[in-house]
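Everything below concerns the one structure shown next.
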Amino acid sequence: MARELYIARLEWKSCISEPAQCYHFEFVLDEVVNFSYLPGQFISAVAEDAAGKPQTRAYSMASAPNGNRFELCVNRVEAGFFSNHLADLPEDDLLPVGGTIRVHGPHGQFTLREPLTDTILIATGTGVAPMRAFLQSLFPEHGPHAGQDGSGGREIWLVYGTRHESELYYRDEFEALARRFPNFHYLPTLSRAAESWKGWRGYVQEHVGRIVAERAARLGQTLPAPVAPAEASEADKAFDIYAYICGLNEMVAGVRAQLAGLGWNRKQIIYERYD
């Protein structure tokens, strides 16, 4: 069965990291009033290459639902057709503001589980895109609930790993959010930090365990957590914290193994890989 295709018009684009060649895009679907999706889901973008062959690329939406709009965060890859189609150099701009692409979706199950619990968001690179969508939905800046804490006071951590400080996408947004909401903790970590960097160093895998251990100590819980027997009821398997992981496979696998070693059930570890 053919998927329904929408025409997405580019309303704005900007380079948010020159060294990493990372671009932020804002699209509008003029043919619909409301583009309904869940934070964390992705669209598939479709365009024809120079040979007239359709090319498709999946991108997580980097924004919470907002009428007929959605946003993307894309790294320009030198040999990548679609990233260059979206974010080509100005003199070869294949998709200027006002230009269009075709998209279908939304797709994916990388969404916040209910009921909402304390939550650790773990991302590297453009894996921060769905995390930004999560945070916009939990701490909205627009609409009838603007400025309110939609998390119900839950503790929300964003552990964001990159190589260099210049690759911390949406840093100003996350820092401002952490200043407004004391239950949101923005924790960037750099694997190739300059001497002047005052924050965390190393990989996200090295820090997630510390968050879990400190939280467990504060709540009087023991680690590793006891694993519920297979015959236990769903109520007995209830989780008071979830982790959402998005990034390259090596990082995702490392964090999953670490959390499993702390006694976490696999169902409370939600992940999406993009390699």
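The values are calculated or read from the model by the stated rules, or taken from the named source; none is laboratory data. All of these numbers come straight from a predicted model, not from anything done at the bench. Heads up, the Cβs are rebuilt from the backbone with ideal geometry, glycines too, and the neighbour counts pull from every protein chain shown.
Applying the criterion of at least 1 residues that are modelled with pLDDT of 95 or more, over 28 Å from residue 5 (Cβ atoms) and not small (Gly, Ala, Ser) to the strands (runs of 3 or more DSSP E) found wholly in the range 93-176 leaves 118-124, 156-162. For beta carbons closer than 8 Å, sequence separation of 6+ or different chains, a first residue in the range 132-147 that is within 21 Å of residue 24 (Cα to Cα) and a second that is loosely packed, with under 12 Cβ neighbours inside 10 Å and of a type in the set (A, V, I, L, M), the qualifying pairs are 140/146.
Look at residue 74 and say whether it is under 13 Å from the mean Cα position of the chain (by Cα) and in a strand (DSSP E or B). Break it down into steps so the answer makes sense when it comes.
Details: under 13 Å from the mean Cα position of the chain (by Cα): yes; in a strand (DSSP E or B): yes.
Here the answer is yes, as residue 74 does meet what is asked.
Residue count for the range 110-122 satisfying the condition of being under 13 Å from the mean Cα position of the chain (by Cα) and over 19 Å from residue 215 (Cβ atoms): 2.
Scanning the range 4-22 for residues that are surrounded by fewer than 11 Cβ atoms within 10 Å (Cβ to Cβ) and of a type in the set (D, E, K, R), we see that the one that is farthest from residue 124 (Cα to Cα) is 4.
Do we find a residue being of a type in the set (Asp, Glu) and exposed (fewer than 15 other Cβ atoms within 10 Å of the Cβ) anywhere in the range 93-109? Looking through the range 93-109, at least one residue is of a type in the set (Asp, Glu) and exposed (fewer than 15 other Cβ atoms within 10 Å of the Cβ). Answer yes if at least one residue in the range 39-50 is under 27 Å from residue 172 (Cα atoms), surrounded by 11 or more Cβ atoms within 10 Å (Cβ to Cβ) and either without any contact (Cβ under 8 Å) to a residue 12 or more places away in the chain or among the aromatic types (Phe, Trp, Tyr) (or both), and no otherwise. Taking every residue of the range 39-50 in turn, at least one turns out to be under 27 Å from residue 172 (Cα atoms), surrounded by 11 or more Cβ atoms within 10 Å (Cβ to Cβ) and either without any contact (Cβ under 8 Å) to a residue 12 or more places away in the chain or among the aromatic types (Phe, Trp, Tyr) (or both). Just one residue in the set 173, 165, 141 is in contact with a Phe, Trp or Tyr (Cβ under 8 Å, 6 or more places away or on another chain), charged (D, E, K, R) and either surrounded by fewer than 20 Cβ atoms within 10 Å (Cβ to Cβ) or farther than 24 Å from residue 70 by Cβ (or both); that residue is 165.
Across the range 247-266, the number of residues qualifying as more than 17 Å from residue 191 (Cβ to Cβ) and either out of contact with any strand residue (DSSP E or B) (no Cβ under 8 Å at 6 or more places or on another chain) or surrounded by 17 or more Cβ atoms within 10 Å (Cβ to Cβ) (or both) comes to 9.
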